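First up is the structure itself, then whatever we jot down about it.
The values are calculated or read from the model by the stated rules, or taken from the named source; none is laboratory data. Keep in mind that what you see is a predicted model, and the values were worked out from it rather than measured. Please note: Cβ atoms are built from the backbone with ideal geometry, for glycine as well, and neighbour counts cover all protein chains shown. Ligands, DNA and RNA are excluded from the accessible area calculation, which covers all protein heavy atoms including side chains. Shrake-Rupley method; radii C 1.70, N 1.55, O 1.52, S 1.80 Å.
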Amino acid sequence: LTCHSTGNFDIAKFGGNSKQVAIPFPSFQKTYLQNLWKERDNFDGFQITIEATHHGPTNLTKPCIFVEIGTTQKQWNDIELCNSIAQIIEGTFAEDLREFPNAVCFGGTHYSEKFTNEIINGEFALGTIVPKHAIEFLDESLFHHIIERNIGAETALLDWGSLGKNKQKIIELLSTTKLEVIKI
């Protein structure tokens, strides 16, 4: 059970535009995953995790997240499971969303334990997550597009240990912004 901000760092294979990300919805995403985490005992056999940004839609004018229920048609067609998730989503929409400091993230795997822990237990709400395997596609234009779409982000969280040869590239790109850089 997961959710993620949407976007494409390279060719758009599954919707949206190539080299474009949507406007993330960090406060809703954090609150939804925290609410889902509180109900985790009702979802035996499921991992609850954040996913790195991937696939469309991208060219939207409002913030969005993509909620996923399982990985196969068995889960997608499980009416009870889908209703349970829909109730959590509906409950999250009914809440007055708290304000959290927002961060854009770099590094980690597709299912990042560090970023999942941050969103469930930490102080930051997360916007776009550029996983380590997508950093090769970052150029100045895409990087600045990502920063512009992460409205209100004041921090960049780096999964430092996963960046390998890309550490210098990310540091140089971030030096062109006013984002506080935190290595996790």
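For the reader, a short list of remarks on this structure follows.
- Residue satisfying all of: in the range 135-144; in contact (Cβ under 8 Å) with a residue 40 or more places away in the chain and surrounded by fewer than 18 Cβ atoms within 10 Å (Cβ to Cβ); farthest from Ser5 (Cα to Cα) among these: Ser141
- Of residues in the range 12-42 being within 14 Å of Thr128 (Cβ to Cβ) and touching a Gly at 6+ places or on another chain (Cβ under 7 Å), the one surrounded by the most Cβ atoms within 10 Å (Cβ to Cβ): Pro24
- Of all the residues in the range 136-164, those that are in a helix (DSSP H, G or I), of a type in the set (A, V, I, L, M, F, W, C) and under 13 Å from Val104 (Cα atoms) number 3.
- Among the residues of the range 71-110, just one is closer than 26 Å to Ser162 by Cβ and at pLDDT below 95, namely Thr71.
- Phe100 being assigned to a loop (DSSP other than H, G, I, E, B), of a type outside the set (S, T, N, Q) and within 30 Å of Lys183 (Cβ to Cβ): yes
- Flag for Thr176 being in a loop (DSSP other than H, G, I, E, B) and over 24 Å from Asn35 (Cα atoms): yes
- Note on the range 1-97: enclosed helices (runs of 4 or more DSSP H) holding 2 or more residues that are touching a residue at least 24 places away in the same chain (Cβ under 8 Å) are 26-38, 79-94.
- Cβ-Cβ under 7 Å pairs, at least 6 apart or on other chains, the range 153-176 side open to solvent by 50 Å² or more (accessible area, probe 1.4 Å), far side part of a helix (DSSP H, G or I) and modelled with pLDDT of 95 or more: Lys169/Ile135
- One residue from Ile119, Ile88, Ile50, Ile129 being more than 30 Å from Gln168 (Cα to Cα), touching a helix residue (DSSP H, G or I) at 6+ places or on another chain (Cβ under 8 Å), of a type outside the set (Ser, Thr, Tyr) and buried (at least 17 other Cβ atoms within 10 Å of the Cβ): Ile88
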